[in-house]
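Single-structure report; data block below.
The values are calculated or read from the model by the stated rules, or taken from the named source; none is laboratory data. If you're wondering where the values come from, they're calculated on a predicted model, not measured in any experiment. Cβ sites come from the backbone with ideal geometry, for glycine too, and all protein chains shown count toward neighbours.
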C-alpha cells in the first residue's frame, strides 16, 4: 500500500504559487554567461519542461537584471507555435527561474557541428516557420536581433526560436531580423556564413567587407533559393525582404501551404535522433562536479541558510549589493500560464488560431518599449 501511495502525484495547494519544489530536476542541458538550463518534470502533472535559472548576484554584478526582467515581461505576453513559450516564472533567495517549452532536438548550431547536411527542402521549411515567428514578433513591435542557429531549437517536427528581445537600440529596425534569417539559411546550406564576421571584427572592417566582397552562392542550389537568399541578404534595408508578405511573394515559396506550416502539419526532412541527447553532455558533469552551488543541492542549502541567524551572510555582502538583491526580490515578475488559462476558461484565450496574442499582450507590448517599469529598479547600475 505504501508503494502505491508513493507513485501518486503530490497535491499542491491551488492558491500556492508555483516554486522550485514543484519540479523534479532531471539533468543540465545548457548554459549561458549568467544562466543555465536543465530538464525538469512538474511533480503534479508529470509534464516535462526546460527550466532556465539565473543567479541573482551574478546578474546584478553584470548589470543584466533589466534584461532578465524585460525578457520575462515580453515572454509572458506572447504565445506562438514557433516561439518557445514561457509557462512559469518564480524566484528564491539565490536564483530567478523561467520554465519554458522543452525541445529535446538540440539547436541548429549543435547539428551543424555534428556535420548534419541540411537539404534545400529542410531550409525552405525553416525559412517559412521562422518567417511566421518574425511576423508575429513584428506585429508587437519586437525586434529579435539575435536570429542564428544557436538560438533555434528543434523538436521532432519543427524549429522554434528560443530567445526574444525587444527593440534593437539606435540604428536597428525590423529588416535586421530578416537579414539574420538570410544569414542563418545560408549557413545551414553551406556550413559557413556569407561573411567572415566575428564579435571582435572592427566596424570599419565590416563596412569595407560589405563594399568590396560579394556573397558566393553554390552552383548546386536551385535558382529559386538563390533568388530568395539574395533578397534577404540585400545590404540596403529599404530594398530587403522584411515582412512575411515579402517572403510569401517569393516565387520559390509559391507552393508552400502556409496554414499547414503554422499547424506544424508538414513533415520535416531532418528529424533529430530520439535515441540520444542532442546537446553537449559536459553540461551535466559541470553542474554535478564544478558548480559551487549545484541545483540538486539547493533545497538542503537554502534550508541550512534559513536556519541560521542570517546576520553573518548579510554582513558579507556590501550594502549596495544587498539593496539591489532586495529590489530584485520585490520587482521580479511572477507568472503562471497554467493558472491564467484556467482563469480564462478551458479554451484558453492567450492565442487564437491565427497565432495572434490575446488580450494580455497588446497592452504590454504595443509600444515596443515595455521596460519602462524597470527604470527605478537597481537604478545605480548594480555593479559590484
Enumeration of residues in segment 23-38 that are out of contact with any helix residue (DSSP H, G or I) (no Cβ under 7 Å at 6 or more places or on another chain) and more than 14 Å from residue 98 (Cβ to Cβ): 24, 26, 33
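Considering only segment 182-233, how many residues are part of a loop (DSSP other than H, G, I, E, B) and touching a residue at least 40 places away in the same chain (Cβ under 8 Å)? It would help to see each step written out before you state the result.
Initially, segment 182-233 is screened for residues part of a loop (DSSP other than H, G, I, E, B), giving 191-202, 213-222, 233.
After this cut, where a residue has to be touching a residue at least 40 places away in the same chain (Cβ under 8 Å) as well, the list is 191, 221-222, 233.
The qualifying residues number 4.
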Selection within segment 249-259 - assigned to a helix (DSSP H, G or I) and either more than 20 Å from residue 81 (Cα to Cα) or in contact (Cβ under 8 Å) with a residue 40 or more places away in the chain (or both): 251, 252, 253, 258
Number of the condition not met by residue 49 [criteria: (1) in contact with a strand residue (DSSP E or B) (Cβ under 6 Å, 6 or more places away or on another chain); (2) modelled with pLDDT under 95]: (2)
Filter result (touching a helix residue (DSSP H, G or I) at 6+ places or on another chain (Cβ under 8 Å) and in a loop (DSSP other than H, G, I, E, B)) within segment 326-346: 332, 333
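Quick check on residue 134: is it modelled with pLDDT of 95 or more, under 30 Å from residue 338 (Cα atoms), touching a helix residue (DSSP H, G or I) at 6+ places or on another chain (Cβ under 6 Å) and outside the structural domain of residue 66 (by TED's automatic domain parsing)?
On the way: modelled with pLDDT of 95 or more: yes; under 30 Å from residue 338 (Cα atoms): yes; touching a helix residue (DSSP H, G or I) at 6+ places or on another chain (Cβ under 6 Å): yes; outside the structural domain of residue 66 (by TED's automatic domain parsing): yes.
Answer is yes for this residue.
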Hey, residue 262 crowded, with 17+ Cβ neighbours inside 10 Å and within 23 Å of residue 83 (Cβ to Cβ) or not: yes
Any hit, segment 95-102, residues being assigned to a loop (DSSP other than H, G, I, E, B), buried (at least 21 other Cβ atoms within 10 Å of the Cβ) and in the same structural domain as residue 323 (by TED's automatic domain parsing): no
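Give me the residue from segment 155-207 that is at positive phi and modelled with pLDDT under 90 and, out of that set, surrounded by the fewest Cβ atoms within 10 Å (Cβ to Cβ).
First, pick out the residues of segment 155-207 that are at positive phi: 167, 169, 171, 191.
With modelled with pLDDT under 90 added as a condition, the list becomes 167, 169, 171.
Working: 167: 17, 169: 8, 171: 6.
The qualifying residue surrounded by the fewest Cβ atoms within 10 Å (Cβ to Cβ) is 171.
Do you know which residues across segment 261-284 are within 29 Å of residue 173 (Cα to Cα) and either without any contact (Cβ under 8 Å) to a residue 60 or more places away in the chain or in a loop (DSSP other than H, G, I, E, B) (or both)?
Quick first cut of segment 261-284, residues within 29 Å of residue 173 (Cα to Cα) only: 261-264.
Result: 263, 264.
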